[in-house]
Amino acid sequence: MPNQHRYIVVEGPIGVGKTSLVKKLADSFGHDLLLEKAEDNPFLAQFYKNQRQYALSTQLFFLMQRTQLVQAFRQIDLFQKAHIADFLINKDRLFAELTLDSDELHLYLQIFTHLTIDAPQPDLVIYLQAPVDTLRERIIKRGIKYEQQIKDDFLLRLSESYTRFFYDYNDSALLTVNTQSIDLINNEEDYRALVDEIGEIHSGRHYFNQSSFLD
């Protein structure tokens, strides 16, 4: 693993497979894990039943949790330990913009700006994409009860928000991965091709899909 990738983030919409890939990459590269814990959010299950009522409390809990993880991470000597995370703190506002009304969003953004002003930037972001039908299949397969209530319209709007966000993203090297036709967890050929691609990245924007490694 090239030394420049001391801090890697894997991002993408719900169900795309971020955490599973992060764990596998951490094992391959010897990186320490930096994982958010959605199951610790006491508002999340209620949010999927009633987004309007629980949006702000759900979002603020996630913001505080992610900020605490990032602040603890900042205390670590990056020359001693490399890390890989399943969240990018800068994208936190995507969910807020989808679910909060204007007054709540204004409050949230003030808190967000205050808490994330000195958040470290990753060396590489791996952005995982998949169409809504694929996201739905994966959500059903992993069987988390409250996620089964997520509506396709919300998944679509979330996916579109990610697309817009990463279209303009230039804070670090970016690798966009189309996961629709590849299996990075169970297919070793797909996974090794991704690892090889990561090793070639030094800066800029890059794209990886099935055609990237098929003759």
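Kindly provide the set of residues from segment 83-120 that are part of a loop (DSSP other than H, G, I, E, B), touching a helix residue (DSSP H, G or I) at 6+ places or on another chain (Cβ under 8 Å) and in contact (Cβ under 8 Å) with a residue 60 or more places away in the chain, ordered by number.
Scanning segment 83-120 gives D86, F87, P120.
Of all the numbered requirements in (1) modelled with pLDDT of 90 or more; (2) out of contact with any helix residue (DSSP H, G or I) (no Cβ under 9 Å at 6 or more places or on another chain), Q80 misses one, and that requirement is (1).
Run Q149 past the list (1) among the polar types (S, T, N, Q); (2) farther than 17 Å from F166 by Cβ; (3) within 18 Å of the chain's Cα centre (by Cα) and report the number of the one that doesn't hold. With respect to (1) among the polar types (S, T, N, Q); (2) farther than 17 Å from F166 by Cβ; (3) within 18 Å of the chain's Cα centre (by Cα), Q149 is out only on (3). For segment 1-50, residues that are under 20 Å from I201 (Cβ atoms), assigned to a loop (DSSP other than H, G, I, E, B) and among the polar types (S, T, N, Q) total 2. The set of residues in segment 18-48 being crowded, with 22+ Cβ neighbours inside 10 Å and closer than 20 Å to I140 by Cα consists of K18, L21, F47. Only one of Y162, Y146, Y169 is in contact with a helix residue (DSSP H, G or I) (Cβ under 7 Å, 6 or more places away or on another chain) and modelled with pLDDT under 95. Can you tell me which? Of Y162, Y146, Y169, the one residue that is in contact with a helix residue (DSSP H, G or I) (Cβ under 7 Å, 6 or more places away or on another chain) and modelled with pLDDT under 95 is Y146. Taken together, the criteria place Y169 among residues that are aromatic (F, W, Y), part of a loop (DSSP other than H, G, I, E, B) and in contact with a Lys or Arg (Cβ under 9 Å, 6 or more places away or on another chain). Cβ separations smaller than 6 Å between residues 6+ apart or across chains give the following pairs from segment 46-65 residues that are closer than 23 Å to T113 by Cβ and modelled with pLDDT of 90 or more to residues that are part of a helix (DSSP H, G or I) and among the aliphatic types (A, V, I, L, M): T58/L44; Q59/A96.
The values are calculated or read from the model by the stated rules, or taken from the named source; none is laboratory data. This one's a predicted model, so the numbers in the text were calculated from it and none came from an experiment. Quick reminder, even Gly has a Cβ in these numbers, built from the backbone with ideal geometry, and neighbours come from all protein chains shown.
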